[in-house]
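Chemist: Would you mind keeping the following structure in view while I ask a few things?
The values are calculated or read from the model by the stated rules, or taken from the named source; none is laboratory data. From a predicted model like this one, the values you see are computed outputs, not experimental measurements. Note that we place each Cβ from the backbone using ideal geometry, even for glycine, and neighbour counts take in every protein chain shown. Side chains are part of the model used for accessible areas, which takes the heavy atoms of the whole protein and leaves out ligands, DNA and RNA. Shrake-Rupley method; radii C 1.70, N 1.55, O 1.52, S 1.80 Å.
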Amino acid sequence: DAKTTQPPSMDCAEGRAANLPCNHSTISGNEYVYWYRQIHSQGPQYIIHGLKNNETNEMASLIITEDRKSSTLILPHATLRDTAVYYCIVRVDGYGQNFVFGPGTRLSVLP
Amino acid sequence: SQTIHQWPATLVQPVGSPLSLECTVEGTSNPNLYWYRQAAGRGLQLLFYSVGIGQISSEVPQNLSASRPQDRQFILSSKKLLLSDSGFYLCAWSGQGAYNEQFFGPGTRLTVL
């Protein structure tokens, strides 16, 4: 079973920031938070991951609460091409570990 | 740079027929390799993963099997397909070190009739 809960869908206006929440209240100390997205009929695309500290890369920012029970993925300037299903995953980082994907959040970026 | 290939892209097979899906990775050595299945409208289900040649771990009992004959080749097979085997099959790879995020292939859409 997925260890995360996400809203099933969200809308965002083009050019605005998209903030996607994720709850992971049972996360363990050695589990990382990962975000992937999937555009229809394509393989999932890695976005970002983190353990405790906030992270930023060229695609997005990841804000993790101090108690690590929730996080937010931020797409700073959403475009129509960011329309996708976004998956929040928690997993132990290590040799041969698998991912468990839940239903995710369907983000629709509107013109 | 690393790339991952899957073929075929789409496949329609009758119930009871065999299956062979292939995945290859370029640009990296000794990757972890994974097979996932995604049913329509649902998240990804891990089927198999491999940490080395000939080493296969199965996550879900089923009529599918996997093999890794070469370092960067991962094959998903079945002797007799079931209707319930229909879905979107994804191959992925990750590095062996820490922070080993997974990179997915384009997928194979399998329809069993």
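Chemist: Could you please find all residues in the range A:4-16 being open to solvent by 50 Å² or more (accessible area, probe 1.4 Å) and part of a loop (DSSP other than H, G, I, E, B)?
Modeler: A:P8, A:E14, A:R16
Chemist: A further question on this structure: Inside the range A:17-27, can you point out the residues that are assigned to a strand (DSSP E or B) and in contact with a Ser or Thr (Cβ under 9 Å, 6 or more places away or on another chain)?
Modeler: Once the filter is applied, which keeps residues that are assigned to a strand (DSSP E or B) and in contact with a Ser or Thr (Cβ under 9 Å, 6 or more places away or on another chain), the range A:17-27 yields A:N19, A:L20, A:P21, A:C22, A:N23.
Chemist: Right, another one. Output the number of residues of the range A:35-93 satisfying the condition of being of a type in the set (D, E, K, R) and away from every other protein chain (no Cβ under 13 Å).
Modeler: Summing the residues that are of a type in the set (D, E, K, R) and away from every other protein chain (no Cβ under 13 Å) in the range A:35-93 gives 8.
Chemist: With B:F103, B:F48, B:F74 as the choices, which residue is of a type in the set (F, W, Y), closer than 28 Å to A:W35 by Cα and open to solvent by 70 Å² or more (accessible area, probe 1.4 Å)?
Modeler: None of the others qualify; the one that does is B:F103.
Chemist: Okay, next question. What are the residues in the range B:73-113 that are without any contact (Cβ under 8 Å) to a residue 40 or more places away in the chain and of a type in the set (A, V, I, L, M), if any?
Modeler: B:A98
Chemist: Go through the range A:52-79 residue by residue and tally those that are exposed (fewer than 15 other Cβ atoms within 10 Å of the Cβ) and either over 22 Å from A:A13 (Cβ atoms) or not charged (D, E, K, R) (or both).
Modeler: 12
Chemist: Scan B:T108, B:T28 and give me the residue that is away from chain A (no Cβ under 14 Å), out of contact with any Lys or Arg (no Cβ under 7 Å at 6 or more places or on another chain) and of a type in the set (S, T, Y).
Modeler: From the options B:T108, B:T28, the qualifying one is B:T28.
Chemist: Residues of the range B:17-38 being open to solvent by 40 Å² or more (accessible area, probe 1.4 Å), touching a residue at least 40 places away in the same chain (Cβ under 8 Å) and over 11 Å from B:C91 (Cβ atoms), which ones?
Modeler: B:P18, B:S20, B:E26, B:S29, B:N30
Chemist: Can you spot a residue in the range B:87-99 that is buried (at least 20 other Cβ atoms within 10 Å of the Cβ), over 20 Å from A:G102 (Cβ atoms) and at pLDDT 90 or above?
Modeler: Looking through the range B:87-99, at least one residue is buried (at least 20 other Cβ atoms within 10 Å of the Cβ), over 20 Å from A:G102 (Cβ atoms) and at pLDDT 90 or above.
Chemist: Count, please, the residues in the range A:28-52 that happen to be without any contact (Cβ under 8 Å) to a residue 60 or more places away in the chain, in contact with a strand residue (DSSP E or B) (Cβ under 7 Å, 6 or more places away or on another chain) and in a loop (DSSP other than H, G, I, E, B).
Modeler: Going through the range A:28-52 one residue at a time, the tally reaches 5.
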